[in-house]
Amino acid sequence: MVPKIHSLGGYIHECQKGIANPEAFWNQVAESFFWRKRWDKTVEWDFKKPEIKWFINGKLNITENIFEKNLYTHANLPAIIWEPNNPEEANRVLTYKELLAEVNMFANALKRLGVRKGDRVALYMPMVPELAVGMLACARIGAIHSVVFAGFSAQSLADRINDAEATILLTADGGYRGSKITPLKDIADDALMHCPTIKNSVVLKRTGSSINMKEGRDIWWHDAIHGEPAHCEPEEMDSEDELFILYTSGSTGKPKGIVHTTGGYMTYTAYTFKNVFQYNPGDVYFCTADIGWITGHSYIVYGPLLNGAQTLMFEGVPSWPDAGRFWDIVAKYKVNQFYTAPTAIRALLAKGSEFIEGKRLDSLKVLGTVGEPINEEAWHWYHDHIGKNRCPIVDTWWQTETGGIMISPIAGVTPTKPSFATMPLPGVQPVVVDNSGKELVGNSVEGNLCIKYPWPGMLRTIWGDHERMKDTYFSRFENMYFTGDGVKRDEDGYYRILGRVDDVINVSGHRLGTAEIENAINEHPLVNESAVVGYPHAIKGQGIYAFVVCGELSTGGEDGIRNSIMKGVNKIIGPIAKPDIIQLVPSLPKTRSGKIMRRILRKIAEGDASNLGDITTLLDEEVVDQIIDGALVDV
Ligand code: WTA
C-alpha cells in the first residue's frame, strides 16, 4: 500500500525524511508496488547534462500495478465511472476486471496492427472510457502514447503526430461537448493528409456521424477488437522506458513533447494522489479535467487507478444543459473528492448560486484546484458554497513537466490560506532564486521558483530535442530545474504562485505560448508582424491580447481583418488560442536592436500605462502613445 500521511506531525516527519534521505524516502514509496525485478539504485542525476534516472534497472509494467496487483481485492469494484455528455443517456461503470478485459483486447488489437514496444500511438479522442482503454493498452504492450487534446486543430494534431512519428492514430467519429458535436474524424482526416508515418487509424463509433473510412487505413474500433482474447501478457518494461509523450507550450517555437517514463511516474502520481486528496477505499473521486492535458493523465487515469480508486470521467462541459451540471454529477454519484480549475469556478460563480440550490453536496470531503492561480473571491465561493465551509481546498501547483503535484496542502492536514498552494509535498525541494540565480533563503521572499533536487515524476527529456530540455529548464539557473513560474514565500513559509515569468500564458487553465499564437497570426497574408501578451480576464484568468501590424486593410476594414485573423488562429491551433482582443497598431515598440519590448505591451494590455518604466532604449517612443491611444482596454 502506498504510504499515507494522517497528521500534520506525520507530514512534517515525512518532509524531514524526504530532505535528509530522499533515496530512502522514495524507496519506501516505490516498494509498495509490484516490480518484476527490484531496482539496483534509487536515483542517478546530473542537472548539467541533464540526466535523471529513477529506480535504475527496475523492471515492471504499470498496468500490472493497476490490475493484477489489486485484482484479488478490487476485481469487482468500479474503476471508471463514466458520465456521458447528455444526462439522459445511460452512464457506464467499468469494474477493474472489466477494464482489464477491455485494455487487453485492445492491446491485442494494437499488436495485430503491428504496434511494438517503443512505437508511438497518437490519441485524438473524446472523453469516453475508450480513451483510457487506449492509453492503458499502449502501456500494457510498451507502446508510447501521445494524447492530443480533442480541441486542437488538424494542423496542431498533424504537427504532434509528425514530431512523435506515430504509426497509429486512435480517434472517434465525433465527440459530444454540450450541444455541439466535434467532427473528430473529419479533422483527423485533414491532419492525416500530412502524416506519412501513420499506417492505421482506429475509429471509435460514438456519435454515429457520417464519416469517411479510408480503405486500408481506417478500422472501426469494434472491428479491431472483435475476437481478440481478454488476456494479454504485460510487456516487461525498464523503469526508465518511456510511458508517454504529452505536448505542451513553451515560451518559444513549437510545442514540446514532454517525455515521462514508467517507474518514477507511477510512483509519483500514485503517492501524490493518495496523499493530497486523502483518498480512502470506496470514495468516489471526480476530476473535471480533460485527459488531453496532464491533469487528466495523472489524476483521472494513472494516479487514481494505481490506488484502486473509483475515478469519475465526465464527457461534457460544466455549462450544459445548465450551469448546475457539476453539482448534479456530485449529487448523483455522491462524489467525495472534487478537483477542478479556477476558471470553471469563476465561470460558475458568475452564473449565480441558484444552480447549487437544492443539490445534495454533503458527500463532498475534499475540493481541489489546479492549473492557474485562484483568486480569493473564487476560493471563498468554492469554500463557502460548494464545500459549505466543511471541505479543505487543496490548491495544487504543478506542471506537465513535473508529472504530478509538487506544492499543495495535504487535505485536512495542512492548514490552508486562500490563494496559497501552501507547502511542498514530502520529497520535493523548492527554492526561490533571484534573477541572478542567488537562492533567497528564509521567509518573506519573492523570485523565480526552482527545484533543486530531482523527484521521481519529473520529465526526462523533450522528445527528439534533448538540447531544448537543457536550454528550457536547466540553463537559466545553475544546477536546478527552472519552473518558469514566479513565486512568493510568505512570512509563514507558505508558497503563493504568482504566474509565469516567461512568455507562456494561462488561458482558462490552458497553457499557451505567445510565440505559437503570434506565428499563427503572422500567417495571415495581410499581417506584417504581431505581439501577443496575456491580460487579466475575469473568467479566464488570463485573456489573449494581440497587437497586430497590417500592411494594408482588406475590403472588410478593421473588423474584417480581425475576423479573418480569428478564423486563422482557430484553424491553425484551435479555438482555445483565439485572441480575445486584437488591436491593429502602426508598429510595435522595439529596441534599437529590434527586440519587441513586451513589457510595455503587457502594461498597456493590463490597462496600466502610468508606469511603463524606462522606455529610452526604444527606437521610436512615439509608437507607444499611438498604441495607448488606440488601446481596446481602459488605459
Ligand atoms: C500554472 C497543469 C497557480 C503554472 C497542471 C504552471 C498554477 C502551469 C497552479 C503549468 C496553481 C498550475 N496555482 N498556478 N495551483 N497549477 N499552475 O503544464 O503557471 O498545463 O507553470 O500543468 O500552470 O501548466 P500545465
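The values are calculated or read from the model by the stated rules, or taken from the named source; none is laboratory data. Note that the coordinates shown come from a computational prediction; the quantities given were computed from them, not determined experimentally. Here the Cβ positions follow ideal geometry from the backbone for every residue, glycine too, while neighbour counts run over all protein chains shown. Ligands, DNA and RNA are stripped out before the accessible areas are found, and what is left, the full protein with its side chains, is counted by its heavy atoms. Shrake-Rupley method; radii C 1.70, N 1.55, O 1.52, S 1.80 Å.
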Taking the Cα-to-Cβ direction at residue 75 and at residue 37 and moving 7 Å from each Cα, how far apart do the two end points lie in nm? 3.1 nm
Let's test the formula: R0 of 35 Å, r as the Cβ-Cβ distance of residue 6 and residue 212. What FRET efficiency results, to the nearest 0.05? 0.05
Over all directions, the average projected area of the alpha-carbon convex hull for segment 179-263 comes to how many nm²? 9.6 nm²
Kindly point out which whole DSSP H helices in the chain project their C-alpha atoms 20 angstrom or further along the helix axis while averaging a Kyte-Doolittle hydropathy of -1.0 or above. 96-112, 262-276, 557-572
Per residue, what accessible area does the chain have, given a 1.4 Å probe and all protein chains present, in Å²? 38 Å²
What ranking, highest mean first, results for peptides 320-330, 176-186 when packing means the other Cβ atoms within 10 Å averaged over each residue? 320-330, 176-186
Carbon plus sulfur fraction of accessible area for the chain, probe 1.4 Å, in percent: 50 percent
Could you give the length gained by full extension between residue 351 and residue 434, i.e. 0.36 nm per residue of separation minus their alpha carbon distance, to one decimal place? 25.8 nm
With every protein chain kept in place and a 1.4 Å probe, the residues 97, 37 fall, from largest accessible area down, as 97, 37
Would you work out the charge dipole size for segment 93-170 about its Cα centre, treating the Cβ of every Lys and Arg as +1 and the Cβ of every Asp and Glu as -1, and quote it to the nearest 20 debye? 300 debye
Does segment 538-603 come out rounded, prolate or oblate by the C-alpha gyration tensor, with a ≥ b ≥ c the root eigenvalues, rounded set by a/c under 1.5 and, if not, prolate when a/b is larger than b/c and oblate if not? oblate
Cα-centred dipole magnitude for segment 8-487, charges only on beta-carbon of K, R (+1) and D, E (-1), debye, nearest 20: 440 debye
Phi-derived 3J(HN,Hα) across segment 375-384 with the Karplus relation (6.51, -1.76, 1.60, θ = phi - 60°), rounded Hz, x for Gly and Pro, is 6, 5, 4, 5, 4, 5, 4, 4, 5, 7
Given a Förster distance of 30 Å, report the FRET efficiency between residue 592 and residue 475 from their Cβ-Cβ distance, rounded to the nearest 0.05. 0.70
On full extension of the chain, what length is gained from residue 528 through residue 445, given 0.36 nm per residue of separation minus the C-alpha to C-alpha distance? 25.7 nm
Average projected area of the Cα convex hull of segment 1-85, in nm²? 9.4 nm²
Provide 562, 36, 390 ordered by accessible surface of protein heavy atoms (probe 1.4 Å), highest first. 390, 36, 562
What figure, in Å² to the nearest 10, do you get for the accessible area of residue 199 with a 1.4 Å probe and non-protein molecules left out? 130 Å²
With every protein chain left in place and a probe of 1.4 Å, what is the accessible surface of residue 441, to the nearest 10 Å²? 110 Å²
Give the lysines reachable from residue 359 as a straight Cα distance under 20 Å; neighbours fewer than 8 places away on the same chain don't count. 332, 334, 351, 388
Express in whole angstrom the spacing between the alpha-carbon centres of segment 1-60 and segment 356-402. 29 Å
Fully extended, how many nm does the chain gain between residue 223 and residue 628 (0.36 nm per residue separation, minus their Cα-Cα distance)? 139.8 nm
Local electrostatic count at residue 539 - Lys and Arg +1, Asp and Glu -1, tallied over other residues with Cβ under 11 Å: +2
My understanding is that a pair violates if its Cα-Cα distance is over 18 Å; which of 185/214; 4/97; 256/595; 59/470; 48/470 do that in this structure? 4/97; 256/595; 59/470
Base-10 log of normalised Debye intensity for segment 466-623 (one unit scatterer per alpha-carbon) at q = 0.08, 0.18 Å⁻¹: -0.28, -1.23
Cross-link partners of residue 69 among aspartates and glutamates (Cα-Cα below 17 Å; sequence separation of 8 or more within a chain): 31, 98, 233, 235, 236
Just report the Cα centroid separation between segment 124-149 and segment 417-480, whole Å. 30 Å
Considering the alpha-carbon set of the chain alone, what are its Rg and its Dmax in angstrom? 24.1, 74
Calculate for the chain the 222 nm mean residue ellipticity that helices alone would give, adding -39,500 (n - 2.57) per DSSP H run of length 4 or more and normalising by residue count, nearest 500 deg cm²/dmol. -8000 deg cm²/dmol
With each pseudo-label sitting 7 Å past Cα toward Cβ, what's the residue 539-residue 498 distance in nm, one decimal? 3.0 nm
With R₀ set to 30 angstrom, the calculated FRET efficiency between the beta-carbons of residue 231 and residue 116, to the nearest 0.05, is 0.95
